[in-house]
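Written out below as structure tokens is the structure these notes cover.
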Amino acid sequence: MENHPTNMKKKNKKRILTFADAIKEAQTQAFKLDKNVFIFGQAVDKTGHVFHTTEGLLKKFGKKRIFDTPNSEQAETMFAAGAANNGLRPVLIHHRVDFMAYTFDELVNWISLWSFKSAGKSSMPLVIRAIIGRGWGQGPQHAKTLHSMFSYLPGLKVIMPSSPSEAKGLLLSSIMSNDPVIFLEYRALYNTKEHVPEKPYFIDLNEPRKRMSGKDITIVSMGASVLTSIQAAENLKKKSINVDLIDLRSLSTFNVSKIFSSVKKTKRIVVVEDGWSNGSISSEIITRVVENGIRLKAPPQRICWPNSHVPMAHVLEKEFYFDHNDISNTCIKLMKS
Amino acid sequence: MIKNIKNSDKLKIFYTLKLIRETQNQIIDRYHPADKMKCPMHFCIGQEVMPSVLSLFLKKEDSIYSHHRSHGFYLAKGGSLKKMIAEFYGKVTGTNGGLAGSQELSNTDINFYSGTILSGALSMAVGDAYAKIYQKKNSISVTVIGDGGMEEGIVYESLNLASKMQLPVLFICENNGYSTHTHLRERVINPKAFIKVKPFGIKCTYIESQDPEKLYLKLSKIINEIKKTKKPQFIEIQTYRFNGHVGPEGDDHFNYRPKKEIDFWKKKDPIIMYRNNLNKKINNFKKIEKKFDLKIKKIIDDAFIFAEKSKFPKDFKKYNYNNTYSSVVKKFYKNDIKLLKDQEKHKPGQGGKSPY
């Protein structure tokens, strides 16, 4: 791809940022753009600085704009809701999405329906950032994604960025959005790098992005799986299979037209998702394609996690997670049918 | 500190007591057989003292986050009776456009919010108070909870946050002794809720009396202190609900509370007691009360007519999402939505190789 960082080295000296730096830049710019934006959560202002995404913010903006909290996920979530209801734009951070299980009532009964039950008179402009997914031996309580659970709820926007420049634009939009946003950051992405424009920019929270164009097979993916899918697509290209790759970005309010027009062209679809297949986003996308009556040449496929909790043991992790070979093999099989 | 209460304030309290009581009675009377208000309702007959007195101390910019037995506090905050009844009718002119009903009665215009899943509202008030400090406003957040709500874990997380961060919140607990039909004795070791609040370093006040004037003196002091110190305080009032837990029907046929207990509290009916009190102190009181009654009857009748005449809502789906952005975004794009879709302009790369 022409914009791949490895291809850009000779051409220019474009700014290369990591995913973590891009998140930090989005927050810094949001702080400057709107004095009502603030960040809070457990240990967000110290030590690891949430995978370096909040480094330096305390020094620059002071403790009114970024502060630590006790271990009170429920109260933190409603604190964000109360502050948002009174004109602020809070960004609440959870170091692992698994801790958000504490906050089911707050999301289900308050935040997601706040605009609805006021008949649109109230809004809830808050962002909940949470770190998701696979990490070194993180095991059953520290490696979930839970995105499809959040996406089930009307009223929430669920965003999962796949690269640094995407993360910056999507986070800025999320913070400035008047709807509540769950912003899910795949842990493995923090050190990925690419060119990120310096000026603030905003990405539509409902629009998927075409990442690669091809006529043979449609892959829809999200978050870190987009990179795995790209790797698979590049291998498939060597076998003359051209992938149309769509990065979903927004998991609950995505505009379906890019997916439909792609599948109408390729007549084959694979959805790649870091999460359980039961009641998943993949199920939703495939259902919509089928409901829409788009004729397929081969049965639609899901590449997800097995319906099992995440094992810790290294050897089992290997079995649990899919890799780019699983994606290519599925695609090759589909092309034969 | 206020020691004497002006007669005009006494009459305001009495008027609000009666307005809340009569509104409840009228809703109960008209609920069946008309069958036009089709939502569950939690009435607050017997519990009118706290809202009636509180109403004198709150300004528009102060907010209330209430439990589900909220009608009294809504009216005390100056909420429109017309919009409230229209909401119960499920009409588009209701406080929540007919989408929420009695259980989640809310109105942004007067900063009044409520909800029926017990304790979220209390927690929300803490964040609301932070926004007040953040924006350097001198207003306070008030939240009302029942003794049942005081059993949820989120309450203690929120009390801790409010205390640690020093936020101007007035926590009110209306202790009516029952969580639906379960008495406090079956639920907790100590029936007084404030005992559990004290260890958080929050100043607590406990009130057993149903005399509005005693409450008036306490509240005026407490609210002044909260505004001055920006620290939260907690007030618990012992009270009793005369009506059933939910719905216009009574529920005493379930025998969950002793008749002796009901009679004891009905003898202490705050409206009857305060009427006797004012009758002795204020000239021409009977005449004034008659005037109040006529005025209240008119307001309530008008509200029901308004609700009857209003239309049912047509939309509901569109309210789930605002799909709008802060005006900040418009500074970057003349036509924000169109240009936001044109994001390919920022031409991102592929974000490097897969980490796996």
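The values are calculated or read from the model by the stated rules, or taken from the named source; none is laboratory data. Since we're looking at a predicted model, the values are computed, not measured. Here Cβ is always computed from backbone atoms with ideal geometry, including for glycine, and neighbour counts include all displayed protein chains.
Residue count for region B:58-89 under the criterion of being free of Cβ contacts under 8 Å to residues at least 24 places away in the same chain and either farther than 23 Å from B:L118 by Cβ or surrounded by fewer than 24 Cβ atoms within 10 Å (Cβ to Cβ) (or both): the result is 0.
For region B:114-131, the tally of residues that are closer than 12 Å to B:P168 by Cα, touching a residue at least 24 places away in the same chain (Cβ under 8 Å), touching a strand residue (DSSP E or B) at 6+ places or on another chain (Cβ under 8 Å) and at the interface with chain A (Cβ under 7 Å from one of its Cβ atoms) stands at 3. What number of residues in region A:18-52 are under 14 Å from A:L172 (Cβ atoms) and either hydroxyl-bearing (S, T, Y) or modelled with pLDDT under 95 (or both)? Total meeting the criteria: 1. Scanning region A:302-312 for any residue that is at pLDDT below 95, surrounded by 18 or more Cβ atoms within 10 Å (Cβ to Cβ) and within 14 Å of another protein chain (Cβ to nearest Cβ) turns up nothing. Taking (1) surrounded by fewer than 16 Cβ atoms within 10 Å (Cβ to Cβ); (2) assigned to a loop (DSSP other than H, G, I, E, B) in turn, B:K280 satisfies each apart from (2). If you go through region A:94-103 one residue at a time, do you hit one that is among the hydroxyl-bearing types (S, T, Y), at negative phi and within 13 Å of chain B (Cβ to nearest Cβ)? Within region A:94-103, one or more residues are among the hydroxyl-bearing types (S, T, Y), at negative phi and within 13 Å of chain B (Cβ to nearest Cβ). Of the residues in region A:190-200, at least one is within 28 Å of A:I269 (Cβ to Cβ), in contact with a Gly (Cβ under 7 Å, 6 or more places away or on another chain), at the interface with chain B (Cβ under 9 Å from one of its Cβ atoms) and not hydrophobic (A, V, I, L, M, F, W, C). Determine if region A:256-271 includes at least one residue that is away from every other protein chain (no Cβ under 13 Å), in a loop (DSSP other than H, G, I, E, B) and not β-branched (V, I, T). Yes, there is a match, as at least one residue in region A:256-271 is away from every other protein chain (no Cβ under 13 Å), in a loop (DSSP other than H, G, I, E, B) and not β-branched (V, I, T).
Condition (residue is surrounded by 16 or more Cβ atoms within 10 Å (Cβ to Cβ), at the interface with another protein chain (Cβ under 10 Å from one of its Cβ atoms), within 30 Å of A:S115 (Cβ to Cβ) and at pLDDT 90 or above) applied to region B:309-319: is it met by at least one residue? Steps first, please.
Taking region B:309-319 first, the residues surrounded by 16 or more Cβ atoms within 10 Å (Cβ to Cβ) are B:310, B:313, B:319.
Now restrict to residues that are at the interface with another protein chain (Cβ under 10 Å from one of its Cβ atoms): B:313, B:319.
Okay, now just the ones that are also within 30 Å of A:S115 (Cβ to Cβ), so B:313, B:319.
Now drop any that are not at pLDDT 90 or above, which leaves B:313, B:319.
Within region B:309-319 (the criterion being surrounded by 16 or more Cβ atoms within 10 Å (Cβ to Cβ), at the interface with another protein chain (Cβ under 10 Å from one of its Cβ atoms), within 30 Å of A:S115 (Cβ to Cβ) and at pLDDT 90 or above), the answer is yes, since at least one residue qualifies.
Looking at region A:106-186, the helices (runs of 4 or more DSSP H) lying wholly inside it that each contain 1 or more residues that are facing another protein chain (nearest Cβ under 7 Å) sit at A:114-117, A:164-176. Output the qualifying pairs, or none if there are none: Cβ atoms under 7 angstrom, residues six or more apart or on different chains, first residue in region B:149-171 and touching a residue at least 24 places away in the same chain (Cβ under 8 Å), second residue among the hydroxyl-bearing types (S, T, Y) and in a helix (DSSP H, G or I). What qualifies is B:I154/B:S123; B:S158/B:S123; B:M165/B:Y130; B:L167/B:Y130.
Per the listing B:I296, B:I300, B:I305, B:I272, the residue uniquely away from chain A (no Cβ under 14 Å), free of Cβ contacts under 8 Å to residues at least 12 places away in the same chain and closer than 30 Å to B:G97 by Cβ is B:I305. The single residue among B:N111, B:N160, B:N96 that is closer than 16 Å to B:K196 by Cβ and either facing chain A (nearest Cβ under 9 Å) or under 18 Å from the mean Cα position of the chain (by Cα) (or both) turns out to be B:N160.
Output the number of residues of region B:132-151 satisfying the condition of being touching a Ser or Thr at 6+ places or on another chain (Cβ under 9 Å) and within 9 Å of chain A (Cβ to nearest Cβ). Within region B:132-151, residues that are touching a Ser or Thr at 6+ places or on another chain (Cβ under 9 Å) and within 9 Å of chain A (Cβ to nearest Cβ) number 2. A search for C-beta distances below 7 Å between a residue of region A:60-85 that is more than 13 Å from A:K35 (Cα to Cα) and facing another protein chain (nearest Cβ under 8 Å) and any residue that is exposed (fewer than 13 other Cβ atoms within 10 Å of the Cβ) and small (G, A, S), counting only pairs 6+ apart in sequence or on different chains, returns A:Q74/B:G153.
Applying a threshold of 9 Å to beta carbon distances and a minimum spacing of six or more residues, or different chains, the list of pairs starting in region A:319-337 at a residue that is more than 23 Å from A:G133 (Cα to Cα) and in contact (Cβ under 8 Å) with a residue 24 or more places away in the chain and ending at one that is basic (K, R) and crowded, with 16+ Cβ neighbours inside 10 Å reads A:C331/A:R268; A:L334/A:R268; A:M335/A:R268; A:S337/A:R268. Of everything in region A:201-241 that is in a strand (DSSP E or B) and more than 8 Å from chain B (Cβ to nearest Cβ), the residue that is farthest from the chain's Cα centre (by Cα) is A:I217.
Yes/no matrix, rows are residues, columns are (1) modelled with pLDDT of 95 or more; (2) small (G, A, S); (3) on the phi < 0 side of the Ramachandran plot:
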site: A:N191; (1), (2), (3): no, no, yes
site: A:S221; (1), (2), (3): yes, yes, yes
site: A:A232; (1), (2), (3): yes, yes, yes
site: A:K238; (1), (2), (3): yes, no, yes
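Checked against (1) closer than 19 Å to B:S163 by Cβ; (2) touching a residue at least 12 places away in the same chain (Cβ under 8 Å), B:K228 passes all but a single condition, namely (2).
In summary, B:F171 fulfils each of the numbered conditions (1) more than 11 Å from chain A (Cβ to nearest Cβ); (2) surrounded by fewer than 20 Cβ atoms within 10 Å (Cβ to Cβ); (3) not small (G, A, S) with the single exception of condition (2).
Residues are listed down the side, and each one gets a yes or a no for (1) buried (at least 22 other Cβ atoms within 10 Å of the Cβ); (2) in contact with a strand residue (DSSP E or B) (Cβ under 8 Å, 6 or more places away or on another chain); (3) farther than 17 Å from A:T18 by Cα:
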site: A:H147; (1), (2), (3): yes, yes, yes
site: A:L156; (1), (2), (3): yes, yes, yes
site: A:M160; (1), (2), (3): yes, yes, no
site: A:N178; (1), (2), (3): no, yes, yes
site: A:N206; (1), (2), (3): no, yes, yes
site: A:M212; (1), (2), (3): no, yes, yes
site: A:I217; (1), (2), (3): yes, yes, yes
site: A:M222; (1), (2), (3): yes, yes, yes
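Count of region A:224-249 residues, restricted to those that are of a type in the set (S, T, N, Q), surrounded by fewer than 24 Cβ atoms within 10 Å (Cβ to Cβ) and either over 18 Å from A:S337 (Cα atoms) or free of Cβ contacts under 8 Å to residues at least 12 places away in the same chain (or both), is 3.
Residues of region B:225-234 that are surrounded by 22 or more Cβ atoms within 10 Å (Cβ to Cβ) and either under 22 Å from B:S209 (Cβ atoms) or small (G, A, S) (or both): B:Q233, B:F234.
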